[in-house]
Amino acid sequence: MATLMKKNSHPSLDTDRIVEDILSGMSLKEKSLIANMDEKSLPYLQYAFDVYISRDVGNDPDAGREIMKRVWQKLQATHRIRLVKEGRKP
């Protein structure tokens with residue numbers, strides 16, 4: 001997985017708050033779908049994120065990409081579908 005982006009590299013933005021706001025408004029299905037996307041597919045979501053966060057970042061595509069990537073990274077850690085090995089029962 002790509003290295004985590006520098007925390008709040010756009011100092012005028014509260015990116016943590018924006019990321020949490022976005023995540024709180026997403027359904028479990030949306031979170032799971034995004035979490036299981038590969039990084040190459042993220043640009044396909046760029047327009048949707050830009051529209052959603054434009055009130056917070058204005059027309060700043062770099063900030064939009066950073067926020068979108070941080071949302072994806074957080075979901076990768078919390079909502080990825082993982083295989084679970086079946087353990088032996090006693």
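The values are calculated or read from the model by the stated rules, or taken from the named source; none is laboratory data. The structure presented is a predicted model; accordingly, all values stated were derived computationally and were not measured. Cβ placement follows ideal geometry from the backbone for every residue including glycine, while neighbour counts extend to all protein chains displayed.
Summary of computed values
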quantity: Selected residue [polar (S, T, N, Q) and either surrounded by 13 or more Cβ atoms within 10 Å (Cβ to Cβ) or over 12 Å from the mean Cα position of the chain (by Cα) (or both)] from SER32, SER24; calculated: SER32
quantity: Qualifying positions in region 8-59 - of a type in the set (Val, Ile, Thr) and farther than 26 Å from ARG82 by Cα; calculated: THR15, ILE18, VAL51, ILE53, VAL57
quantity: Filtered residues of region 36-58 (kept if among the aliphatic types (A, V, I, L, M), surrounded by 14 or more Cβ atoms within 10 Å (Cβ to Cβ) and in a helix (DSSP H, G or I)); calculated: LEU42, LEU45, ILE53, VAL57
quantity: Identity of the residue in region 37-49, out of contact with any Phe, Trp or Tyr (no Cβ under 9 Å at 6 or more places or on another chain) and at pLDDT 80 or above, that ends up nearest to ARG17 (Cα to Cα); calculated: GLN46
quantity: Near pairs, Cβ below 8 angstrom, 6+ apart or cross-chain, from region 14-39 (within 11 Å of LYS74 (Cα to Cα)) to any residue that is modelled with pLDDT of 90 or more and among the polar types (S, T, N, Q); calculated: LYS31/THR78; ALA35/GLN76; ALA35/THR78
quantity: Close pairs (9 angstrom Cβ cut-off, 6 or more residues apart or separate chains): more than 14 Å from ARG70 (Cα to Cα) in region 41-57, surrounded by fewer than 10 Cβ atoms within 10 Å (Cβ to Cβ) and among the small types (Gly, Ala, Ser) anywhere; calculated: TYR52/GLY25
quantity: Within region 59-88, considering residues that are assigned to a loop (DSSP other than H, G, I, E, B) and among the acidic types (Asp, Glu), the one surrounded by the fewest Cβ atoms within 10 Å (Cβ to Cβ); calculated: GLU86
